[in-house]
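The values are calculated or read from the model by the stated rules, or taken from the named source; none is laboratory data. Source: prediction; values computed, not measured. Note that we place each Cβ from the backbone using ideal geometry, even for glycine, and neighbour counts take in every protein chain shown. SASA here: full protein model, heavy atoms, side chains in, ligands and nucleic acids out. Shrake-Rupley method; radii C 1.70, N 1.55, O 1.52, S 1.80 Å.
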Amino acid sequence: MCLAVPGRILSTSGDDPLMRVGRVDFGGVLKEINLAYTPEATIGDYVLVHVGFAITVIDEAEAEKVFAHLREIGELEDLEEAG
Amino acid sequence: MTDGDFSLACPAPAGGDDTVQMAHGGGGRAMERLLDTIIRPAFDNPHLARRHDGAVLDLAGPVAFTTDSYVVKPLVFPGGDIGTLAVNGTVNDLAMCGARAAHLSVGLILEEGLPLDTLRRVVASMRSAADAAGVTLVTGDTKVVDHGKADGLFVNTAGLGPVVSAAPIGPDAVRAGDAVILSGDIGRHGIAVMAAREGFGFETVIESDCAPVVDPVMALIEAGVAVHCLRDLTRGGLASAAVEIGEAAGVSIALDEASIPVREDVNAACEILGLDPLHVANEGRFVAFVAEADAERAIDILRRFAVSAGAVRIGTVGGGAAGEVTCRGALGVDRIVDMLSGEQLPRIC
Amino acid sequence: MKFRDEYRDPVAARGYADAIARITTRPWTLMEVCGGQTHAIVRYGIDELLPDGVTLVHGPGCPVCVTPAEYIDKAIEIVARPETILCSFGDMLRVAGTGGDLLAAKSRGGDVRVVYSPLDALTIARANPDREVVFFAVGFETTAPANAMAAYQAKREGLTNVSLLVSHVLVPPAMRTILDGPTNRIQGFLAAGHVCTVMGFEEYYPIAAQYHVPIVVTGFEPLDILEGVYMTIRQLEEGRAEVENQYSRSVTRAGNRTAQTIIGEVFRVTPRRWRGIGDIAESGLGLSDAYAGFDAERRFGPVSSGAEAKTECISGLVLRGEKKPPECPAFGTHCTPERPLGVTMVSSEGACAAYYRYRGRKSASLEAAS
């Protein structure tokens with residue numbers, strides 16, 4: 001269920017926290033996105049967007065963990081050899 | 001073209017709007033004015049100047065003949081309009097038969113209330129598309145229907161052109177081992193039209209790829225490349241074209257997803273709307289099935305033309321089950337590619 | 001696109017597949033809860049990278065699949081009225097109720113509009129003050145904040161010509177229903193990452209403990225799913241049954257508190273019927289008393305609650321993970337995306353449609369036979 005796509009906030013507007021919107025760049029496609037549920041989101045952040053709403057700010061440090069975990073469980077050599 | 005004085009000169013029926021009225025299709029003076037001020041000046045050529053019921057053509061040798069009707073919403077979209085679509089679509093259909101389009105007919109069905117400016121723009125686009133493709137609009141027809149009975153404007157075009165290729169081009173000439181070559185990146189037309197529709201609120205720079213592909217196709221044939229089959233990718237996208245040819249030719253087709261060019265922003269729009277780029281419409285792209293030995297040369301020739309500068313090999317014809325199209329994905333696993341079932345709808349899940 | 005392409009890296013995917021093969025000593029059956037995960041698994045062939053004996057079965061997480069036929073019938077009935085405009089997400093249009101689907105209703109002249117966001121329905125309502133705009137609010141917890149915001153803003157603005165036909169469902173009660181099933185074979189869950197982005201994963205601790213089943217909150221890209229499978233199997237092999245979070249770039253334990261607050265204000269937990277599965281207590285959301293004025297069932301009459309029609313379609317078993325699509329005798333023969341018998345074949349996210357689309361009729365039948 002629940003298609004959600006990451007995009008980067010280019011600008012934000014609106015003072016009312018529930019109506020705050022951001023122009024979000026999805027790989028070259030721009031769309032106005034409601035930021036009511038990500039009050040902490042600022043310009044440059046990547047947000048995950050579902051049906052026009054940002055539902056979270058993507059944690060860039062955590063985003064690396066899938067690769068760090070792979071190294072940790074000993075598949076590092078394969079990854080570096082082929083990569 | 002545009003006739004700046006048109007609204008002053010036109011004895012528009014009651015209302016006087018600069019829009020199409022029922023009287024414009026009534027066969028009387030209003031219709032003659034519409035033809036004289038908008039249609040005939042746009043398409044001006046000796047055939048139309050005869051003001052006869054039809055065109056008389058001098059044809060010799062094998063001739064390809066095709067027709068297509070065009071309905072698109074919105075009528076004008078980034079990179080083109082219904083007029084460019086209607087001319088290029090028919091020119092391209094003839095090219096897929098190994099023929100160079102020479103003569104086109106145009107049928108216009110206008111909805112009462114259509115702004116005359118829109119009509120002017122569309123016929124001007126048709127003229128410039130025809131000039132670009134080297135084809136003449138030799139005969140035509142205009143009808144007007146009641147408000148609400150058409151989406152502004154429908155266009156039918158039919159085309160005739162001499163067949164240039166000596167060898168037959170079509171699905172029955174496809175053989176196992178043939179190379180599958182795609183003329184450029186896919187998905188731009190479908191996304192450009194969808195983004196222009198109200199509701200989605202996309203800001204993009206994506207323009208339709210609508211263009212005539214006749215020159216690169218003729219170059220392939222004239223260079224003696226063993227072209228077995230050609231198919232333009234329109235509605236249903238690359239997936240439908242591949243499955244149709246696989247079924248008609250009784251062969252399987254193996255595609256490699258990584259080799260299929262899709263622009264970053266087109267890909268992003270597909271992700272947002274939950275669409276598969278292989279299913280998205282194109283209007284200036286085709287696939288060529290050519291003998292393996294000629295594959296490299298065919299790609300080199302296609303790349304000399306702007307419209308097919310991005311030509312790449314995307315797969316190979318196999319001897320598997322008829323119509324079985326597979327696509328090797330990012331992780332190296334093959335998946336089945338099927339035609340779209342029904343209308344393409346954006347999804348949330 | 002950043003945060004997408006890197007999670008489709010074939011070398012890293014192979015690394016996880018090798019790691020999974022190395023730690024797997026016996027057969028395990030896992031369920032990915034979400035239809036989006038099913039779609040990715042079948043599209044990328046992730047299951048084919050797994051060792052023999054590791055089976056992924058597909059969960060009930062397809063909101064349009066589990067929306068009861070009676071709600072679709074109601075939507076069709078509503079849009080047959082000349083004064084109404086029905087707004088819906090695109091995937092809902094092809095799903096048949098007991099009669100036809102919304103596309104057919106549209107072809108009969110019904111004003112059905114596909115919207116990308118529930119807020120688009122409010123825009124349509126503002127532009128058409130003389131019409132009644134009904135938004136077909138389906139979805140899981142992921143979509144609830146967006147749908148709740150539509151009601152919240154409508155109320156704040158005093159829009160009177162808009163209402164919601166609500167068929168919202170909640171994931172944890174469905175997971176319990178699956179685990180309680182007499183023929184349950186699920187040994188571990190990949191929980192739905194976007195649901196947990198909104199709700200967090202606090203609710204899963206009692207489930208993991210009570211049923212002794214590992215639950216790993218998992219994302220949607222190939223590497224996410226492979227890492228989720230790795231984490232689940234490692235728990236199973238080590239005899240653990242814990243809640244873990246693979247999708248930490250998006251999900252926190254508490255979830256999105258702001259979203260939960262609005263959901264709590266606009267909605268209340270209700271019993272809900274799941275198409276193909278049946279009635280599940282406290283498994284849905286309905287409008288709260290404060291928002292009852294926006295309930296389309298109040299304006300246009302309640303959705304009927306008749307018994308589900310009997311059919312040879314096994315979509316209920318597929319949605320519970322008890323059968324795979326090719327195990328259905330109708331699959332690919334007299335049930336195809338063009339002529340579907342059940343919702344899992346209709347929705348592009350449905351498990352049957354995903355199998356049909358990416359595996360094809362032939363190979364899927366072979367798989368069933370082997």
For the stretch C:81-178: rounded, prolate or oblate by the Cα gyration tensor [a/c cutoff 1.5]: oblate
Counting DSSP beta bridges with both ends in the protein assembly as shown, the antiparallel % (nearest 5): 60 percent
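Roll a 1.4 Å probe over the protein chains and send me the accessible area per residue for the stretch A:5-82 in Å². Show your work: numbers first, answer last.
On the way: 3340 Å² over 78 residues.
With all protein chains present, the stretch A:5-82 gives 43 Å² per residue.
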Positive-pole candidate from C:Ala192, C:Ala144, B:Ser165, dipole of the protein assembly as shown, charges at beta carbon: C:Ala144
Whole-number percent relative contact order across the stretch A:5-82, with pairs defined as alpha carbons under 8 Å at least 6 apart: 24 percent
Carbon plus sulfur fraction of accessible area for the stretch B:171-337, probe 1.4 Å, in percent: 47 percent
Heavy atoms of C:Thr252 accessible to a 1.4 Å probe, total area in Å² rounded to 10: 80 Å²
25 Å Cα-Cα threshold exceeded, pairs from A:Lys31/B:Lys73; A:Lys65/C:Lys2; C:Lys2/C:Lys323: C:Lys2/C:Lys323
Buried area at the A-B interface (accessible, heavy atoms, 1.4 Å probe, summed, Å²): 1100 Å²
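Counting only helical runs of four or more DSSP H residues, what would the 222 nm mean residue ellipticity of chain C come to if each run contributes -39,500 (n - 2.57) and the total is spread over all its residues?
Values: 16 runs with 153 residues, N = 370.
Rounded to the nearest 500, it is -12000 deg cm²/dmol.
Ballpark to the nearest 100 Å², how much total accessible area do B and C bury together, probe 1.4 Å? Intermediate values should be presented prior to the final figure.
Working: alone 15670 and 15750 Å², together 28630 Å².
Roughly 2800 Å² of accessible surface disappears when B and C pair.
Is the stretch C:145-197 best put as rounded, prolate or oblate by its Cα gyration tensor, with a ≥ b ≥ c the root eigenvalues, rounded for a/c under 1.5, and otherwise prolate when a/b is larger than b/c, oblate when not? Let's see the in-between values first.
On the way: a/c = 6.29, a/b = 2.76, b/c = 2.28.
Note, shape of the stretch C:145-197 comes out prolate.
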Computed Rg/Rh of chain B, alpha carbon atoms with Kirkwood Rh: 1.01
Peptide C:251-263 - average C-beta neighbours from other chains (10 Å radius): 3
Cα-based Rg / Dmax (Å) for the stretch B:171-337: 15.6, 49
Contact order normalised by residue count of chain C, Cα under 8 Å, 6+ apart, percent: 21 percent
Interface size A-C, as summed buried accessible area [1.4 Å probe, Å², nearest 100]: 3900 Å²
Accessible-area value, B:Val205, 1.4 Å probe, nucleic acids and ligands omitted, Å²: 110 Å²
Per residue solvent-accessible surface (Å²) - chain C, probe of 1.4 Å: 34 Å²
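Which order do peptides A:26-34, C:133-141, B:321-329 fall in by mean Cβ count within 10 Å, highest first? Could the numbers behind the result be given before it?
Details: A:26-34: 22.1, C:133-141: 28.2, B:321-329: 20.1.
In descending order of packing, they fall as C:133-141, A:26-34, B:321-329.
So if the hydrodynamic radius of the stretch B:17-162 is defined as the Kirkwood radius over C-alpha pairs, what does Stokes-Einstein give as its diffusion coefficient at 37 °C and 0.692 mPa s, in µm² per second?
Details: Rh = 15.4 Å.
In µm²/s, the coefficient is 213.
Of the accessible area of chain C, with the probe set at 1.4 angstrom, what percent is carbon plus sulfur? Walk me through the numbers on the way to the answer.
On the way: 6470 of 12660 Å².
Heavy-atom surface of chain C belonging to carbon and sulfur, 1.4 Å probe: 51 percent.
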Accessible-area value, B:Thr142, 1.4 Å probe, nucleic acids and ligands omitted, Å²: 10 Å²
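Two decimals is fine: what's Rg over Rh for chain C, C-alpha atoms, Kirkwood radius as Rh? Walk me through the numbers before you get to the answer.
Working: Rg = 20.6 Å, Rh = 21.2 Å.
Dividing the radius of gyration by the Kirkwood radius yields 0.97.
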Residues of the stretch A:1-20 buried by at least 30 Å² on assembly (accessible area, 1.4 Å probe, chain alone as reference): A:Met1, A:Cys2, A:Leu3, A:Val5, A:Pro6, A:Leu18, A:Met19
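Using a simple charge model, +1 on the beta-carbon of Lys and Arg, -1 on the beta-carbon of Asp and Glu, nothing else, what dipole does the stretch A:5-82 show about its Cα centre, in debye to the nearest 20?
Working: 6 positive and 16 negative charges, 129 e Å.
Roughly 620 debye, rounded to the nearest 20.
Rounded, prolate or oblate for the protein assembly as shown? Axes are the square roots of the Cα gyration tensor eigenvalues, ordered a ≥ b ≥ c, and the cut-off for rounded is a/c under 1.5. Please list the in-between numbers first.
On the way: a/c = 2.04, a/b = 1.38, b/c = 1.48.
Verdict is oblate for the protein assembly as shown.
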Residue mean of other protein chain beta carbons inside 10 Å, C:85-95: 4
For residues of C:228-236, the mean tally of beta carbons on other chains within 10 Å: 1
Sequence-separation-based contact order of the stretch C:88-173, relative, with Cα cut under 8 Å and 6+ spacing, percent: 28 percent
